[in-house]
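Okay, structure first, notes after.
The values are calculated or read from the model by the stated rules, or taken from the named source; none is laboratory data. As the structure is a prediction and not an experimental result, all values here were calculated from the model. Every residue, glycine among them, receives a Cβ derived from its backbone with ideal geometry; neighbour counts consider all protein chains shown. Only protein heavy atoms, including side chains, enter the accessible area calculation; ligands, DNA and RNA are left aside. Shrake-Rupley method; radii C 1.70, N 1.55, O 1.52, S 1.80 Å.
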Amino acid sequence: MNVHHTRKLPGRTVETTDGRKFLWFSGTDYLGMGHNEDLRNYVHSATETFGNHYGSSRNNSLRLDIYDESERQLADFLQSDAALIVSSGMWAGQLLMKEIENVVQSHSNPHNIIFHYAPGVHPALWGTAFQRTGLEWQEWAIRTVQKINGASPGTAHIICSDAVGSPMVKAFDFTIFDALEKPAWLILDESHSLGVLGVKGKGIYSNIGKKLLPQTVFVSSLNKAMGIPAGAISGPKSVIEKVRQSPWFAGASPPAPAYVYALKRLLEEDKYAAAHVLLMENIRYFNQRIAGSTLFESVAGYPVFCSTNAALFDYLLRNGVMASCFPYPSPADAPVTRIAVSSLHQKEDLDRLAEVCKQFIA
């Protein structure tokens with residue numbers, strides 16, 4: 001795998017340290033927040049009040065109100081009872097996984113707890129009981145429902161899954177879990193869906209059945225589409241309060257309050273919605289330009305286009321387009337050529353990308 005270096009944050013384009021310039025179709029900055037002027041201005045002005053970072057536990061006897069204020073704003077955006085902001089998406093997942101058994105015990109006091117891990121679930125949701133499965137997601141989900149429905153009484157079940165497949169993009173049908181006849185908890189990693197899927201990018205909350213929703217907890221990186229170097233946990237208020245009292249939460253440093261303030265302002269002023277409109281238009285336009293092509297795996301209304309063809313990445317690179325292609329999440333995984341469209345791209349960028357892709361399969 002060839003590695004390329006740059007000294008500047010990519011946007012529509014990226015310039016490598018050897019002086020070459022490429023159209024940039026990679027990363028996870030789907031809404032282009034890395035170059036968003038509103039976000040930049042909010043962070044800059046907030047450092048006057050909040051400084052550069054907050055060196056304290058959030059459970060200290062002195063507390064910054066901006067965290068609670070932003071969490072209320074975020075919970076409203078996510079259509080959730082409550083939200084908790086932490087330092088990263090990875091920590092959001094691992095923090096919840098460290099506490100989820102305590103959460104389940106406090107609700108039902110089961111004799112036994114069984115975890116059900118979806119294919120390709122992100123390491124943020126790996127616990128000590130993690131085991132890989134070779135099944136496709138839908139077959140795994142159907143079998144999981146059957147296992148839970150056939151399990152002995154007194155057993156609690158925790159289902160862990162990504163909201164959308166990554167790096168190979170796939171859509172998941174969560175209505176399969178509507179067939180559950182016994183109680184279960186659902187933990188979803190929305191890192192790659194938050195800010196993109198759902199109405200105004202609010203995520204897949206509305207895709208979860210009403211019966212399962214009260215025991216569904218979402219975790220997410222905010223450092224992808226949302227552009228905030230932090231993570232979040234959202235769901236039932238009782239769960240969020242339980243996690244907030246965890247020593248794992250108390251002992252971890254919070255994200256910089258200037259960025260938490262910026263998140264609050266962006267949500268209050270509906271700034272993400274404007275970027276989301278541009279992203280959806282770019283996705284529609286690129287899909288039109290490659291209509292009929294079988295080169296990619298993709299999901300309707302989603303900005304990522306994937307291919308297992310190992311030669312595609314190098315061909316794109318030779319023609320001035322940089323995508324990504326590397327083993328993920330572990331070095332043993334097969335590399336996937338991954339193209340990511342963002343709200344920053346112009347139609348001429350998408351035209352060029354489509355042209356190169358058509359030339360590749362010609």
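Details
- Placing +1 on each Lys and Arg Cβ and -1 on each Asp and Glu Cβ, with no other charges, gives the chain a dipole about its Cα centre of roughly 280 debye.
- Using a probe radius of 1.4 angstrom, the carbon and sulfur fraction of the accessible surface of the chain is 50%.
- What the Kirkwood sum gives for region 216-309 is a hydrodynamic radius of 16.5 Å, with every pair of different alpha carbons counted.
- For region 186-266, trypsin sites (Lys or Arg not before Pro) are listed when DSSP marks them as loop and at most 16 other Cβ atoms sit within 10 Å of their Cβ; the list is K210, K211.
- Helical segments meeting 27 Å axial Cα length and Kyte-Doolittle -0.5 threshold in the chain (DSSP H): 89-108, 271-289
- For the chain, with +1 on Lys and Arg beta carbons and -1 on Asp and Glu, the positive-most of V121, P110, G301 along the dipole: V121
- Set K202/K347; K21/K264; K147/K224; K8/K237; K98/K271; K170/K211 screened for pairs whose C-alpha atoms are more than 32 Å apart: K21/K264; K147/K224; K8/K237; K98/K271
- If the Kirkwood radius is taken over C-alpha pairs of region 240-357, then at 10 °C and 1.306 mPa s the Stokes-Einstein diffusion coefficient equals 92 µm²/s.
- Tail weight of P(r) past 14 Å, computed on alpha-carbon pairs of region 312-362, percent: 57 percent
- Once backbone amide H atoms are built at 1.01 Å from N, T133 has G120 as its partners under 5 Å, excluding neighbours fewer than 5 places away on the same chain.
- Residue-normalised accessible area of the chain, expressed per residue, 1.4 Å probe, Å²: 46 Å²
- Under a 5 Å amide H cut-off, with hydrogens placed 1.01 Å from N, T13 pairs with W24 among residues at least 5 apart or on other chains.
- Restricting region 1-72 to trypsin sites (Lys or Arg not before Pro) in coil, as DSSP defines it, with at most 16 other Cβ within 10 Å: R7, K8, R12, R20, R63
- Rounded to the nearest 20 debye, dipole of region 62-112 from Cβ charges on Lys, Arg, Asp, Glu: 180 debye
- Tail fraction, Cα-Cα pairs, region 6-126, threshold 16 Å, whole percent: 79 percent
- Placed amide H near I113: partners under 5 Å, 5+ positions off or other chain: A156
- Lys, Arg +1 and Asp, Glu -1 on Cβ, resulting dipole of region 166-226 about Cα centre, debye, nearest 20: 160 debye
- Projecting label points 7 angstrom from Cα along Cα→Cβ for N319 and T175 puts them 3.8 nm apart.
- Shown here are the Rg and Dmax of the Cα trace of region 165-271, at 15.3, 45 Å.
- Euclidean distance between Cα centres, region 217-288 to region 133-163, Å: 28 Å
- The phi torsions of region 182-194, fed into the Karplus equation with coefficients 6.51, -1.76 and 1.60 and a -60° offset, translate into couplings of 10, x, 8, 9, 10, 10, 10, 8, 9, 4, 9, 10, 5 Hz, rounded to whole numbers, with Gly and Pro shown as x.
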